[in-house]
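Taking it in order: structure first as structure tokens, then the write-up.
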Number of protein chains: 4
Amino acid sequence: MPLPPPDIVRAAYAELVVTDLAEARRFYVDLLGLVVSAESDTALYLRGYDELIHHNLILRAGPESAAARLAYRVRTAADLDLAEAFFAALGARTARVPAGVTPGVGEAVRAEDPLGFTVEFFHHADHAERLQQRYDLRRGAEPARLDHFNLVVSDVRAAYEYYTSLGFGLSETIEDETTLYAAWMFRKQTVHDVAFTGGAGPRLHHVAFFTHESHQVLRICDILGSLHAEAQIERGPGRHGVSNAFYLYLRDPDGHRVELYTSDYYTGDPGHPVLRWSVRDPRRRDFWGHPVVESWYTEASTVLDLDGRPQPLLAGKQTAEITVGADGFTRLSFAGAASDALARSAMIHFDHD
Amino acid sequence: MPLPPPDIVRAAYAELVVTDLAEARRFYVDLLGLVVSAESDTALYLRGYDELIHHNLILRAGPESAAARLAYRVRTAADLDLAEAFFAALGARTARVPAGVTPGVGEAVRAEDPLGFTVEFFHHADHAERLQQRYDLRRGAEPARLDHFNLVVSDVRAAYEYYTSLGFGLSETIEDETTLYAAWMFRKQTVHDVAFTGGAGPRLHHVAFFTHESHQVLRICDILGSLHAEAQIERGPGRHGVSNAFYLYLRDPDGHRVELYTSDYYTGDPGHPVLRWSVRDPRRRDFWGHPVVESWYTEASTVLDLDGRPQPLLAGKQTAEITVGADGFTRLSFAGAASDALARSAMIHFDHD
Amino acid sequence: MPLPPPDIVRAAYAELVVTDLAEARRFYVDLLGLVVSAESDTALYLRGYDELIHHNLILRAGPESAAARLAYRVRTAADLDLAEAFFAALGARTARVPAGVTPGVGEAVRAEDPLGFTVEFFHHADHAERLQQRYDLRRGAEPARLDHFNLVVSDVRAAYEYYTSLGFGLSETIEDETTLYAAWMFRKQTVHDVAFTGGAGPRLHHVAFFTHESHQVLRICDILGSLHAEAQIERGPGRHGVSNAFYLYLRDPDGHRVELYTSDYYTGDPGHPVLRWSVRDPRRRDFWGHPVVESWYTEASTVLDLDGRPQPLLAGKQTAEITVGADGFTRLSFAGAASDALARSAMIHFDHD
Amino acid sequence: MPLPPPDIVRAAYAELVVTDLAEARRFYVDLLGLVVSAESDTALYLRGYDELIHHNLILRAGPESAAARLAYRVRTAADLDLAEAFFAALGARTARVPAGVTPGVGEAVRAEDPLGFTVEFFHHADHAERLQQRYDLRRGAEPARLDHFNLVVSDVRAAYEYYTSLGFGLSETIEDETTLYAAWMFRKQTVHDVAFTGGAGPRLHHVAFFTHESHQVLRICDILGSLHAEAQIERGPGRHGVSNAFYLYLRDPDGHRVELYTSDYYTGDPGHPVLRWSVRDPRRRDFWGHPVVESWYTEASTVLDLDGRPQPLLAGKQTAEITVGADGFTRLSFAGAASDALARSAMIHFDHD
């Protein structure tokens, strides 16, 4: 029988290893617009303009690009003990990290979770200066706060079940009769704190920052074009089917993927209903039907274990979503699609309702 | 010793009495863009495009404009018993309302709360059709969901203390050394589910609907101008100091005040820090320093007791915010303000930080 | 020696032949949001919300999808005589069309121009009701007015020279050392009234409608997704390199391509400088570096001669832009592009400046 | 019989005298976001991001705040001679200014015009670096180019007639049966290059810069609020009735008024119809019915004569618009306005159509 999980509040921060801290600073701070909470010769601690805890992202200099850990905030100090016991009962390696090891964060428990990710749980966080009304300081996409992590996992259903045992709710899925291709799960009252993409895992697919309006997302594209850095715009901007958010995927100088994300919806009511998308609906990943670029499905960041060593990959256990069909890759020429589209446009409800 | 309060999820809906249901429908549905969930000869049940429960607003035909009740959703059915006991212990009149009395809502407990408002608590709600991606149906300001209630109360501190006992958190205030002029309190992870404005109370100051982007707020202004209904635009659009939201206040055909509200911030973390605004900061109610129109301070909707009779008013017990000063009413002419403004503009942090 | 050309004011309207007028009405009026100025059993006359002349688009029912003609407004009635003489001197077939043949338009001169397009020149136009402040009527993308025509021509340089002789100015080009791949030319004070794309011609590539803000462009995408008509979104939304406009390409039920276009720039000064883009700059057609979908280069509308018969096609005389290179089709994987992009991002001026 | 006027292209730049150049730079460059084309110890030459000529605004240090001159670009060098003769025939003082006196501008003709303003006409201008796609450099409201001048004149009808003789077209007016209160006149294909406000004149009411989207206008308000410089926000943001533009009025550190202005409409067609607003329509100056603040009607910048001396003021010859009525100052309380507004909202066309 599983132990009670810690009361997780939300996805709080990620630590990424980058190979050139100055280049990373240029991307995340000068262009994207994150705020520097603290910095040293080997690390940067960044947050969004609305964020009231110390940081949402640690960039640490290292020899190889990687995702070192994903950190969740828990409701009380006692939840640290629950976290340690929960993972110990799963047979997972855990570690206590004293307050002060990570600037701005109190004592923490880390674990190698069943999916192969190093996760951290902390309660105490130093409050950062409130900058949400310092419009004079804003730059780039004006990111407000961390929104979520997206993980590449070899078995999406197993990931869903494990995060269910951690107390996460399910908001949306991509599926067919036999397979769960992707799932979105939440603790805070948004569509997700974590989502799963099927593939060789464990890898970090992306971290996402929330912005308030879509024009902020458009602006960072324009800025990147201005600097002839348009190759860092991997996918979007567009409207997601899943989550209904307006999105953009960028690649940082080390190849880490960053999403800008705005306008999803409230999920805080009890019994929040799950929205299930058919893998055959071409709108599920882009509501406007645009193809998902191949790199988005195939490239992701290596993750590190508790000792900082790269985790070996397990091949995806399930059919790859990219191979199944309605993905934009198989977009019909207009001549073929038109009669189809018109027939479908007469429908007034979604398949998944 | 107070009893444990029910676990309130959020502000869910309000019932307003309107004197002409057809006019009210034209305003709320045709212009503002709320969705009709159900209707009868004497009532309309409306919701926002993102809303997944049955309704956020009931408009009921009656002889005199009034606010009949404010409804909060609770987490479990057992919270109804807690609610009943909580109010009984306060000496408040309560009533059980069987499922089905209000379309789309299960059994409920109503009470005349210590502030004089009729409040309702319910757990079960029918799920409405998910329309958040039916952009083809959207109209007007494209309201997404109810955000909050704002109440005129004769004693803001007493209101704050009562809602604290109900388990609400405090996000922001307007105050000076001696007086709490206004307070914003939340259950869901936003700036508020309820706020208090000082004055002769109990009255309903406004109900607020959330929209996703500021251009949706601008559009409803343009539509009202087109129809020569610009007199229904009472205040705004503008940026609030408190909450940082982009806002607009409209008056419905009966004079009920409706706010459109977007881009506030996440408050779900434990120990969320309170932001305290000085009553002397001209940006607290409009971050751009614009005067609050007098009617916004003085006019509000009569509220009804459990039996549907108007509640008598108690005069405000505290200094009226409108009389204190930095309100825009006392805006200096530019000649006077300029040197001042320039001096102040050198400041790089807020007074209240 | 060439005769003096008529004084052309701007691109005014296009006539498209559609195979199902009801379907076309649904697309252009109900979804896109054009205003109906007049209609008959066989034709629709549409305009944008800002437009003060009778129409910007005629949709005429016919057996085969085609573009019947492109109409330019001229400054005075006397310019009709200049137009007739100008084309006669070129050996082109011309025709006088009495006032009233086309609803809302006065006497006109039509000609089969040297590029193979049927062009019309008219001076008088009936004034339409001014609807620019009828925000209550707006739908879809809220198109304001016709902006330009884009033509597929077999010889872009010849097209440029012919339109130069008609008095058009040149704003931007795509070129390399030997070839003019595309050109943008104007009479009104915007980037263009007409542009040329190289390929088998004459064909109509698209007609473009101006909107005021980018969120209006995003909204029509969301609406089409809602109706599962996402296959009609061919390319975009995005930022053009050329013109700096925010753009979207849709395909109507007959396959005619329609652009929504906003935020280009003023070109009315004497000696307006030409902006020349290298065909090797991946930002020239999408400033964010996204691939141009193949259909955008290869598909276009048949054009009709003065007698309403389809014009035969001439193969492109020049290298096809799609084959040259930096087109997005040849987008590097991120791994390859990153070092490149970073190197380039240090540049602070455009190649073409 | 009047002489032929020069062929004026557009309003090109204004020269303002400011008392503290560093403060002015901070406002116009650091906050508003204009680009510095050139600077000296005593002057700044600024332009918008889209502007291709040298400057749109000169700020010159001087002992008293004033507007030194308004400059129009003319189509050819020969128009300078026409300008000189035109004003000489009016009995106006004129002066030839050699190329190079004003950086970036060729030879010019200046005149003291019949309204008392010093106006300049020039043809040649140095081309500035094209920055319209340097999104990485944009700040503040991202102003694109100068749009227009607004002049306080003692006799609006006389101003209208004089500018008509200069070849300007009329786009909109505010009037009643007996009085022309205000007029908007254009050379480039927008609503205006110059407008007239009745009052003690000559004074410069404001210069206006064009931005591409309304969110850019909102952002500069937020920035000014952040810096506690909200007193510099004089009026708006809002939607104009006249011009349909989205607007904002700021006051610079010397009290000069600057408008940000977006989304007006094309006026380039022959016979462009005039839109006449009743002075009694509360939407004419703010389409949302908001009061015009008194300072907007009463305060304006002193103008200098050809020798740099302040022009004496003539009292307004006509009824002041501020005293006539439907100005927002006389806004009814909601209780009074509601039935009225509702009655009016049934109207489906504007009074002035």
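Among C:Tyr265, C:Thr323, C:Ala67, which residue has its Cα furthest toward the positive end of the charge dipole of chain C, with +1 on Lys/Arg Cβ and -1 on Asp/Glu Cβ? Result: C:Tyr265, furthest along the dipole toward the positive end. First compute the accessible area of the protein assembly as shown with a 1.4 Å probe, then give the percent of it belonging to carbon and sulfur atoms. Using a 1.4 Å probe with all protein chains present, the protein assembly as shown comes out at 54 percent carbon and sulfur.
Ordering B:Val109, B:Ala92, B:Leu170 by the projection of their Cα atoms onto the charge dipole of region B:54-200, which places +1 on the Cβ of Lys and Arg and -1 on the Cβ of Asp and Glu, puts B:Val109 at the extreme positive end.
Within the protein assembly as shown, how many lysine pairs that are 8 or more places apart, or on different chains, have C-alpha atoms less than 30 Å apart?
Qualifying lysine pairs in the protein assembly as shown: 6.
Within region D:292-308, name every residue whose backbone N is under 20 Å away from a label modeled 7 Å from Cα of D:Thr19 along the Cβ vector. Backbone N within reach: D:295-296, D:298-305, D:308. The antiparallel fraction among DSSP beta bridges confined to the protein assembly as shown stands at about 70%.
Indicate the residues belonging to region C:110-131 that lose 20 Å² or more of solvent-accessible heavy-atom surface (probe 1.4 Å) upon moving from the chain alone to the assembly of all protein chains, ignoring ligands and nucleic acids. Buried by the other chains: C:His127, C:Glu129, C:Arg130. Starting from the label point of D:Arg96 at 7 Å along Cα→Cβ, the same points in the other copies fall at 5.0, 9.2, 10.1 nm, in ascending order.
Karplus-based coupling profile of region A:97-104, in residue order and whole Hz: 10, x, 4, x, 5, 9, x, x, with θ = phi - 60° in 6.51 cos²θ - 1.76 cosθ + 1.60 and x standing for Gly or Pro.
Hey, what did region D:157-218 get for relative contact order, percent, Cα under 8 Å, at least 6 apart?
Details: 65 pairs, mean separation 13.2, N = 62.
Taking the mean separation of contacting Cα pairs over the length of region D:157-218, I get 21 percent.
Across the identical copies, the 7 Å label point of A:Glu23, projected outward along Cα→Cβ, sits 4.7, 5.1, 6.7 nm from its counterparts, in ascending order.
Interface burial in region D:58-81 reaches 20 Å² or more for D:Arg73, D:Arg75, comparing the full protein assembly with the chain by itself; accessible area from heavy atoms with a 1.4 Å probe. For the rotation carrying C onto B, the chain C residue whose Cβ lies nearest the axis, with the distance in whole Å, reads C:His215, 2.
Taking the charge dipole of region A:1-40 about its Cα centre, with +1 at Lys and Arg Cβ atoms and -1 at Asp and Glu Cβ atoms, the residue from A:Val29, A:Val17, A:Pro2 reaching farthest to the positive side is A:Pro2. Net charge dipole, region C:93-181: roughly 540 debye, given to the nearest 20, about the Cα centre with Cβ charges of +1 for Lys and Arg and -1 for Asp and Glu. Excluding ligands, DNA and RNA and using a 1.4 Å probe, chains A and B jointly bury around 3800 Å² of accessible surface, summed across both partners.
Before anything else, pin down the relative contact order of chain D: Cα pairs under 8 Å, at least 6 apart, normalised by residue count, whole percent. List each step's numbers first, then the result.
Working: 856 pairs, mean separation 61.2, N = 353.
Computed over chain D, the figure is 17 percent.
In order along region D:272-284, the phi-based Karplus estimate (6.51 cos²θ - 1.76 cosθ + 1.60, θ = phi - 60°) of 3J(HN,Hα) comes to 3, x, 7, 9, 10, 9, 6, 4, 8, 7, x, 8, 4 Hz; Gly and Pro are listed as x. The charge dipole of region A:157-235, taken about the Cα centre with unit charges on the Cβ atoms of Lys, Arg (+1) and Asp, Glu (-1), comes to about 300 debye, rounded to the nearest 20.
Given a cut-off of under 8 Å on Cα pairs at least six residues apart, what relative contact order in percent is computed for region A:175-262? Show your work: numbers first, answer last.
Numbers: 117 pairs, mean separation 21.3, N = 88.
It rounds to 24 percent for region A:175-262.
Counting only protein heavy atoms and a 1.4 Å probe, chain A has 31 square angstrom of accessible area per residue. Solvent-accessible surface, computed for protein heavy atoms with a probe of 1.4 Å, shrinks by 50 Å² or more for the following residues of region D:135-156 when the other protein chains are added to the isolated chain: D:Tyr135, D:Asp136. Its Cα centre serving as origin, region D:47-98 has a Cβ charge dipole (Lys and Arg +1, Asp and Glu -1) of approximately 100 debye. A simple spin-label model places pseudo-atoms 7 Å from Cα toward Cβ; at B:Leu3 and D:Ala88 they are separated by 9.8 nm. Between copies, the label points of B:Ala320, set 7 Å from Cα on the Cα→Cβ line, lie 2.9, 7.1, 7.6 nm apart, reported in increasing order to one decimal in nanometres.
Near the amide H of C:Val17, within less than 5 Å, lie the amide hydrogens of C:Arg60, C:Ala66, C:Ala67, C:Ala68, all on another chain or at least 5 residues away, with H placed in the peptide plane.
For region C:26-32, backbone phi angles converted through the Karplus equation (6.51, -1.76, 1.60; θ = phi - 60°) give residue-by-residue couplings of 4, 6, 6, 9, 6, 8, 5 Hz, Gly and Pro being listed as x.
The values are calculated or read from the model by the stated rules, or taken from the named source; none is laboratory data. Note that the structure is a prediction, hence the values are computed from the model and not measured. For neighbour counting, all protein chains shown are included, and Cβ atoms are generated from backbone atoms with ideal geometry for every residue, glycine included. The area values use the complete protein model at the heavy-atom level, side chains included, leaving out ligands, DNA and RNA. Shrake-Rupley method; radii C 1.70, N 1.55, O 1.52, S 1.80 Å.
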